[in-house]
Amino acid sequence: MPYDPLDLARRTEKIVVKEDLRKYYRVARGGRWYGGIASADCCGCNLRCAFCWSGAPRDHPERIGRFYSPEEVFERLTFCAEKFGYRKIRVSGNEPTIGREHLLRLLELADETRYTFILESNGALIDRDLAKKLSGFEHLHVRVSLKGTNPEEFSHLTGAIPEGFNLQLRGLGNLVDAGVPCHAAVMVSFSREEDLERLRQDLAEIDPALADVEEEYVILYPHVVERLRRAGLRPRVTCATDRKPTKTR
Ligand code: SF4
């Protein structure tokens, strides 16, 4: 039975948010993404993508992780960034826009530093109010990761109602309207070329700059392979853990 991403967000928030505290399962780690970035991995998401690499922190956030204040997360992120000489920090792992108060406080702290904060989101919860608040930060860039190229593909890949895809596009539109620096990434491993091209045109109608999408490919971690098998999904292009996209058929 398809679920509503907004409803799942409300249910998840009850588990992973306590006032301005948010549940994380790893704070913090270094990594080579974005040319080097310190990351904190939060628990809980409002989608259930079949290609997702997050296991128990997504599906059983009640069993894993602990609550952190924005100050604690900030301190650990900047400690990690200092140690490795990074200029960027982020929250990753699941959906950081669940727990708005926590996120906004974390962004406030980051904005007082020289670090750029990369907000990685599926965009479905970025309404006008949140976009307006995000527009107040100077060191923020939002990466909205679209799950497929159209509502039907989105539903197939996430198990959610097709309308969830429009929430993602609306989130991007709200960011553009509010003047928040952002770009779209698209999971294209399961998409046809012509559907991706149509999506580029739809994105260009929101803002011509959005048509320049970042293409994402499913990474074949063993638990992801098992998830795909259970969902009966066969990717067209995949990424081994060395991150080089490969056509599978
Ligand atoms: S939106 Fe991201 S974290 Fe959430 S299920 Fe999809 S891939 Fe996983």
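The values are calculated or read from the model by the stated rules, or taken from the named source; none is laboratory data. Remember, predicted model here, so these are calculated numbers, not experimental data. Note that we place each Cβ from the backbone using ideal geometry, even for glycine, and neighbour counts take in every protein chain shown.
Tabulated results
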quantity	calculated
Set Asn122, Asn150: member being under 30 Å from Gly232 (Cβ atoms), more than 16 Å from the ligand (Cβ to nearest atom) and in contact with an Asp or Glu (Cβ under 7 Å, 6 or more places away or on another chain)	Asn150
Members of region 2-29 found to be free of Cβ contacts under 8 Å to residues at least 60 places away in the same chain and exposed (fewer than 15 other Cβ atoms within 10 Å of the Cβ), listed by number	Asp7, Arg10, Arg11, Lys14, Lys18
Selection status of Thr158, closer than 17 Å to Pro5 by Cβ, touching a residue at least 40 places away in the same chain (Cβ under 8 Å) and hydroxyl-bearing (Ser, Thr, Tyr)	yes
Those residues of region 170-198 which are under 24 Å from His156 (Cβ atoms), of a type in the set (D, E, K, R) and assigned to a helix (DSSP H, G or I), in sequence order	Arg170, Glu193, Glu194, Asp195, Glu197, Arg198
Boolean, Arg90 is within 16 Å of the ligand (Cβ to nearest atom), over 30 Å from Glu153 (Cα atoms) and of a type in the set (Lys, Arg)	no
Single match in Gly173, Gly159, Gly164 (criterion: touching a helix residue (DSSP H, G or I) at 6+ places or on another chain (Cβ under 7 Å), within 12 Å of the ligand (Cβ to nearest atom) and among the small types (Gly, Ala, Ser))	Gly164
Considering residues of region 38-52 that are more than 6 Å from the ligand (Cβ to nearest atom) and surrounded by 23 or more Cβ atoms within 10 Å (Cβ to Cβ) only, the residue nearest to Tyr3 (Cα to Cα)	Asn46
Residues located in region 132-147, provided they are in contact with an Asp or Glu (Cβ under 7 Å, 6 or more places away or on another chain) and away from the ligand (no atom under 16 Å from the Cβ)	Phe137, Glu138, His139
Selection count, region 12-30, where residues are within 18 Å of the chain's Cα centre (by Cα) and either under 25 Å from Gln168 (Cα atoms) or among the hydroxyl-bearing types (Ser, Thr, Tyr) (or both)	8
Qualifying residue in region 18-36 (condition: modelled with pLDDT under 95, assigned to a loop (DSSP other than H, G, I, E, B) and within 16 Å of the ligand (Cβ to nearest atom))	no
Output for region 106-152, where each listed residue is of a type in the set (Gly, Ala, Ser) and loosely packed, with under 15 Cβ neighbours inside 10 Å	Gly136
Selection from region 121-164 of residues that are under 28 Å from Arg105 (Cα atoms) and aromatic (Phe, Trp, Tyr)	Phe137
